[in-house]
Amino acid sequence: MSDSIEKVKERARKLRMEIETHNYRYYVQDNPTIPDAEYDQLFRELQQIEQLYPQLITADSPTQRVGAAPLKVFSQITHLVPMLSLNNAFVDAEVAAFDRRVCEGLYVGHMEYTVEPKFDGLAVNLCYENGVLKTGATRGDGYTGEDITLNLKTIKSIPLSLPVYDPPPLLEVRGEVLMLKTDFVVLNQRQIAKGEKEFANPRNAAAGSLRQLDPRITASRRLTFFAYGVGRYQDPHMPQDKHSNVLAYLAALHFPVAKECTTITGLQELLQYYQRIAVQRDNLPYDIDGVVYKVNSLAQQNELGFVSRAPRFAIAHKFPAQEAITQLLAIDVQVGRTGALTPVARLKPVFVGGATVTNATLHNADEIERKDVRIGDTVIVRRAGDVIPEVVSVIMEKRPVYTTSFIMPSHCPVCGAKAVRLANESVSRCTGGLFCPAQRKQAILHFASRRAMDIDGLGDKLVDQMVDQAIVRTPADLYRLGLTALANLERMAEKSANNIVRAIEKSKQTTLARFIYALGIRNVGEATAKDLAAHLGSLDRLMATNSERLQQIPDIGPVVAQSIVDFFAEKHNCEVIEQLRASGVHWDEYEGKSVLTVAAAPLSGKTFVLTGALPTMSREQVKEKIEELGGKVSGSVSQKTDYVVVGTDPGSKYEKAISLGITILDEAGLLALLK
Ligand code: IVH
């Protein structure tokens, strides 16, 4: 090779290394160090070199991640070490039994484990020969999988070559391919825009994207990889002592390893880890379906060995499934507080997300049409955390010959008033207002709810009876209820009646923000109610303020302002408020405060973030206190945060606050500040 081509070759090598380093910083560390334009420039330079000198193209060049020609079929790859599965535990007792078996099998009192998220994606094996990614395969039946090398190469967080000078002759890395929740949302939006079918969940989207014969399609979908182990290897640097060190080694080789992986000791800590991850689950960027416990010592793993196709040294502790399949028996229409008509699926009971589900929301008519849901269909239902269960999709292959389509009623199914759908809205609404018993019930339930007037024990069954028997028509009627009226209701023992009367009495002492929120003014949620209370200081002032002046309050736009003005223009609403006050509902007002004096609120303009548990106050109490004084409470730490209030077991917010140099307060410090 001539001198000059040697130089070009060297430049190409440098560019590849640089580009892969930036890929690592961007896709694995989530911490890019150059602007996109600069990265593009490096990439283009490499492309140009390779166009001029095709003989210089290498298999591990970042240019080779995309654009390979479609395959006809996937070929098969036999795994050098089988890809086994894990046994599952669903309840604590099964985990206890696992821990006991492990300890007894090894004659030890307690065991150290590596604990990891159980990624809900697709298992893959990546085979590196002399440091270069040669093949990548699906798990298949555990012994033989499909060769999806070209597709895996398009995943930017998978290194094409190992960033070391003395690469091992052989290294098999095992892990899971998944789609981040945010990328899933973007993909589905794109699918809708193109008029194509949406994916039911990130796992299906990842599977659909990975099993494409055309790698260009895979390249257009953003997939991610997490490593959780190794297969066969010839690598003098591979740690031989602990699984946690194997993970650390993989991370050093630039493989993504979940930051939730850690080591702990003993059964108690296993169960605590499960609880902790369960709480974080909805906030993790990817879907998981449980956690995995692995004996940390590799020697002890060996000693325990395998039984049939699963290791004795590891177990998956699964979360209750969030999705299940069932039959849709009927579609009813529910009327909400603001008259919105919501179609609700009545389902054959099914156990999902840790509870039996019989109803699931279908959102609105457009959603039903988009998902093509019909009565009689077999559907996938999802119940995640505290979210209302929803019908995700229909299993078309199971559609019976006879199904019935749903038609949105033209009139309210409860009061018979006309239902209308405004041009810019996705829902139809009952026009019956508070004459509609359904809206009235919802208004009362909202009024009594925990974040509003907080009347303990006033549930929907009770409110149904009160409204149906016309003993309560407005929230003000609640304060006129006597023991006798309550005790006459069905299933109401004297003691519960007493409790309710007491709870109603207690609710009379409230805050202005809670009261405003409780009124159920359209478009005025909890945050807006707090803003209004903090900026105006009195209910009379709120009732007298016009739309223009309301809009001077931060975060209040024309739509919200108009809803407020409309609400108080309604004579009936003002009467109810008058009656409530006359019954003794009261709060502290900040007379003398107005839009113009807000800046004088002691914590005005200050943003707080709370993390961990405080010794004497609940989060809710702290939040209320800060907001009363004009401060804001935010969920995440940023440059704009003024104070981070830290309790026991703080989360990553604490570390972030330290790294950004934000003032840290404990409870005592906070109380001093509030004084
Ligand atoms: S270890 C010999 N660790 O779960 C044990 N597997 O039933 C090998 N999975 O399909 C598996 N997260 O893809 C392991 N942190 C994790 C995992 C994990 C998800 C999947 C894996 C396999 C299944 C095992």
Is it the case that P167 is surrounded by fewer than 23 Cβ atoms within 10 Å (Cβ to Cβ) and either modelled with pLDDT of 95 or more or in a loop (DSSP other than H, G, I, E, B) (or both)? yes
Does segment 117-131 include one or more residues that are among the aromatic types (F, W, Y), buried (at least 18 other Cβ atoms within 10 Å of the Cβ), more than 13 Å from the ligand (Cβ to nearest atom) and in contact (Cβ under 8 Å) with a residue 40 or more places away in the chain? yes
Can you pull out the residues in segment 369-391 that are buried (at least 18 other Cβ atoms within 10 Å of the Cβ), outside any strand (DSSP E or B) and at pLDDT below 95? K371, R383, P389
Which numbered condition in (1) surrounded by fewer than 17 Cβ atoms within 10 Å (Cβ to Cβ); (2) outside any strand (DSSP E or B); (3) touching a Leu at 6+ places or on another chain (Cβ under 8 Å) is the only one that P320 fails? (3)
Given the criteria of a type in the set (D, E, K, R) and in contact (Cβ under 8 Å) with a residue 60 or more places away in the chain, does E323 qualify? yes
What pairs can you find where one residue is in segment 247-263 and without any contact (Cβ under 8 Å) to a residue 24 or more places away in the chain, the other is more than 13 Å from the ligand (Cβ to nearest atom), and their Cβ atoms are less than 6 Å apart, with a gap of 6+ or different chains? Y249/P239
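Considering each residue of segment 170-199, count those that are of a type in the set (A, V, I, L, M), surrounded by fewer than 18 Cβ atoms within 10 Å (Cβ to Cβ) and either outside any helix (DSSP H, G or I) or within 14 Å of the ligand (Cβ to nearest atom) (or both), and give that number. Outline the logic, then answer.
Keep residues of segment 170-199 that are of a type in the set (A, V, I, L, M), which gives 170-171, 173, 177-180, 185-187, 192-193.
Retained after the next criterion (residues that are surrounded by fewer than 18 Cβ atoms within 10 Å (Cβ to Cβ)): 170, 180, 185-186, 192-193.
Filter once more, keeping what is either outside any helix (DSSP H, G or I) or within 14 Å of the ligand (Cβ to nearest atom) (or both): 170, 180.
Here the count works out to 2.
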Flag for I315 being part of a helix (DSSP H, G or I) and either touching a strand residue (DSSP E or B) at 6+ places or on another chain (Cβ under 8 Å) or surrounded by 17 or more Cβ atoms within 10 Å (Cβ to Cβ) (or both): no
For V333, are the conditions met, namely being closer than 30 Å to K398 by Cβ, touching a residue at least 40 places away in the same chain (Cβ under 8 Å) and either touching a strand residue (DSSP E or B) at 6+ places or on another chain (Cβ under 8 Å) or of a type outside the set (V, I, T) (or both)? yes
Which ones in segment 98-116 are under 19 Å from S85 (Cβ atoms) and more than 15 Å from the ligand (Cβ to nearest atom)? R101
Within segment 392-427, residues outside any strand (DSSP E or B), in contact with a Gly (Cβ under 9 Å, 6 or more places away or on another chain) and not hydrophobic (A, V, I, L, M, F, W, C) come out as R399, P400, Y402, T403, G416
Here's a check for you: in segment 102-153, which residue that is acidic (D, E) and assigned to a strand (DSSP E or B) is farthest from K318 (Cα to Cα)? E129
Please pick out the residue among G669, G651, G631 that is of a type outside the set (D, E), touching a Leu at 6+ places or on another chain (Cβ under 8 Å) and surrounded by 12 or more Cβ atoms within 10 Å (Cβ to Cβ). G631
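To keep it simple, each residue is scored yes or no on (1) touching a residue at least 24 places away in the same chain (Cβ under 8 Å); (2) small (G, A, S).
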{"position": "F608", "(1), (2)": "yes, no"}
{"position": "E624", "(1), (2)": "yes, no"}
{"position": "E627", "(1), (2)": "yes, no"}
{"position": "G630", "(1), (2)": "yes, yes"}
{"position": "S638", "(1), (2)": "no, yes"}
{"position": "V644", "(1), (2)": "yes, no"}
{"position": "G647", "(1), (2)": "yes, yes"}
{"position": "E655", "(1), (2)": "no, no"}
{"position": "L670", "(1), (2)": "yes, no"}
Any residue at all in segment 456-473 that is closer than 13 Å to G336 by Cα and basic (K, R)? no
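This table checks each residue for (1) more than 18 Å from the chain's Cα centre (by Cα); (2) under 22 Å from R25 (Cβ atoms); (3) surrounded by fewer than 20 Cβ atoms within 10 Å (Cβ to Cβ); (4) away from the ligand (no atom under 12 Å from the Cβ).
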{"site": "R203", "(1), (2), (3), (4)": "no, no, no, no"}
{"site": "R211", "(1), (2), (3), (4)": "yes, no, yes, yes"}
{"site": "Q234", "(1), (2), (3), (4)": "yes, no, yes, yes"}
{"site": "D241", "(1), (2), (3), (4)": "yes, no, yes, yes"}
{"site": "L270", "(1), (2), (3), (4)": "yes, no, no, yes"}
{"site": "Y293", "(1), (2), (3), (4)": "yes, no, no, no"}
{"site": "Q301", "(1), (2), (3), (4)": "yes, no, yes, no"}
Filter result (at pLDDT below 95 and either among the small types (G, A, S) or more than 13 Å from the ligand (Cβ to nearest atom) (or both)) within segment 132-144: G140, G142, Y143, T144
Confirm whether Y273 is farther than 30 Å from R399 by Cα, in a loop (DSSP other than H, G, I, E, B) and not polar (S, T, N, Q). no
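The values are calculated or read from the model by the stated rules, or taken from the named source; none is laboratory data. Because the structure is predicted, anything quoted here is derived from the model rather than measured. For neighbour counting, all protein chains shown are included, and Cβ atoms are generated from backbone atoms with ideal geometry for every residue, glycine included.
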